[in-house]
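Working notes, structure below.
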Amino acid sequence: MKTEINKIIDAQQDEMIALGKELFMHPELGYKEFETKKMILEELAKYGIHAEAEYFETGFQVSIGEGKPHIGLIAELDAIPVEGHPCSNPKDHAAHACGHSTQVTIMVNAIVALKKSGLLEKKGKVTLFFTPAEEYTDLDYRRKLIQEGKIQYIGGKMNMLEAGVFEGCDCIIHLHAMGSTYAYGYGSSLAGFKYKKILFKGKASHAGVLPHLGINALNEFTLFNTALGMLRETFEEKDMVRVHGILTKGGDTINSVPSEVIYECYIRTLNQDKLLEIDHQITSMAQHCAAALGGSVEFADMIGYLPFTPNPILSEVAHQNILDYTTEDRIIANERSIAGGDVGDVSCFYPMIQFGYNGFSGAIHGVDFKIIDTYKAFVEPAKIVCGCVVDLLEKPELIQQIKACHHSMDKEVYQAYLQGKWVEKELLSKDSNSF
């Protein structure tokens, strides 16, 4: 069956590569992927595949087959702002510098081939979820959508989880572009993160004549930033902690003592417990540093994404299929990445993998990111996805093993997390099988 499907993929590669190139040239930010959605639906309609459900502005899904096992596939729709990218959207600088247009093409390629093969007429079901808004960006627009009641959370998959979109899936396959010299990767983990916005408040006064009557908010931040630097030496390497931020407001005018300074940052780590701990530490530091100079602080934090934990059995299924196309020395295994994604939230509830593929040059999210090998970027990974699906459909014991080693997060714990109501530490610990 794999050989037959591979022949189908090779036969349709010209139209799929054309689709991939077209998508790459039409980047759109999250919850704005309207043209992207239209292009995909038009392509799928050629093969009698139509949307069975639509949600959250631009998300939708298609299915073939019925019954069990039920295998989910995920393709992310959105681009990311990269000013200066040669293929960026001039309106908002959106560019497919994260390769999402290629994963969409791969998954379209795969589900079309699976339908043509007739494999799903005999057993099982495959649902391809086209998910909006993975990139954590364009936050003002997303806040507006939340206020309008169109979404509840920043990330597309968080909303989909809340709505029960993935219910019924036995496992889920995802893939993502790689920015390394390896051909493929499997078993990778991703960090979780939280967004913090801190407003340091002081008191304005004439900076030259009456500085002693002011309270300098920029000094409050400087003291805080120094303390943050000292905190960093307590971070353990195994947790891969990163705290990185920018000043988005440093004052109003040079002639006045700054009365308001805004600092925005991400806290990233592979350890969810550590994420909560450092969040509390940073909050406390900001409060005390501001108070030490007579000022105060306000916070506008937002939940980010949870760490992504791959399913080991499903990862090995991907590994064996990858080996049909490359050698072991060209594969990176079990990489621990400080990058994050909302697939992390999905992995807390469903057995899941995200394998990496190449065909690119330049840096992920960089102005120089480009596709240099269309076969590697659009065609070959589709064969690997289909190979995984074939294995899962033909070997029901694999599904049992995959599900047996997955520990789902308690939904009440997740709800508390989403609402920012921190629950007892042990409930979010990997030791308690929350992940």
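Assorted remarks:
- Of the strands (runs of 3 or more DSSP E) entirely within the range 133-235, those holding at least 2 residues that are surrounded by fewer than 23 Cβ atoms within 10 Å (Cβ to Cβ), more than 16 Å from the chain's Cα centre (by Cα) and modelled with pLDDT of 95 or more occupy 192-201.
- The sole residue among Leu23, Leu44 that is at pLDDT 95 or above, touching a Ser or Thr at 6+ places or on another chain (Cβ under 9 Å) and in a helix (DSSP H, G or I) is Leu23.
- A single member of Gly344, Gly359 is crowded, with 24+ Cβ neighbours inside 10 Å and small (Gly, Ala, Ser), and it is Gly344.
- Selection over the range 118-132 of residues that are more than 15 Å from the chain's Cα centre (by Cα) and touching a residue at least 12 places away in the same chain (Cβ under 8 Å) gives a count of 9.
- Residue check, Val126 of a type outside the set (Lys, Arg) and either crowded, with 24+ Cβ neighbours inside 10 Å or at pLDDT below 95 (or both): yes
- Restricting the range 246-300 to residues that are more than 17 Å from Ala204 (Cβ to Cβ) and hydroxyl-bearing (Ser, Thr, Tyr), the residue that is surrounded by the most Cβ atoms within 10 Å (Cβ to Cβ) is Thr269.
- Being at positive phi and without any contact (Cβ under 8 Å) to a residue 40 or more places away in the chain is a description that applies to Gly149.
- Screening Tyr31 on (1) hydroxyl-bearing (Ser, Thr, Tyr); (2) surrounded by 22 or more Cβ atoms within 10 Å (Cβ to Cβ); (3) assigned to a helix (DSSP H, G or I) shows it passes everything except condition (3).
- One residue alone among Gly99, Gly59, Gly48 is on the phi > 0 side of the Ramachandran plot and crowded, with 20+ Cβ neighbours inside 10 Å, and that residue is Gly99.
- Of all the numbered requirements in (1) more than 26 Å from Glu264 (Cβ to Cβ); (2) in contact with a Leu (Cβ under 8 Å, 6 or more places away or on another chain); (3) surrounded by fewer than 16 Cβ atoms within 10 Å (Cβ to Cβ), Glu121 misses one, and that requirement is (2).
- Exactly one residue out of Asp329, Asp368, Asp324 is in a helix (DSSP H, G or I), surrounded by fewer than 23 Cβ atoms within 10 Å (Cβ to Cβ), at pLDDT 95 or above and not aromatic (Phe, Trp, Tyr): that is Asp329.
- Among the conditions (1) closer than 16 Å to Thr36 by Cα; (2) assigned to a loop (DSSP other than H, G, I, E, B); (3) at pLDDT 95 or above, Pro86 misses just one, which is (1).
- Number of positions in the range 371-399 that are without any contact (Cβ under 8 Å) to a residue 60 or more places away in the chain and more than 14 Å from Asp170 (Cα to Cα): 3
- Contacts under 7 angstrom Cβ, first residue in the range 155-181 being among the basic types (Lys, Arg), partner not in a loop (DSSP other than H, G, I, E, B), 6 or more apart: Lys157/Thr131; Lys157/Val343; Lys157/Asp345; Lys157/Val346
The values are calculated or read from the model by the stated rules, or taken from the named source; none is laboratory data. Given the structure is predicted, the values throughout are model-derived calculations rather than measurements. Positions of Cβ are generated from backbone atoms using ideal geometry, with glycine treated the same way; all protein chains shown enter the neighbour counts.
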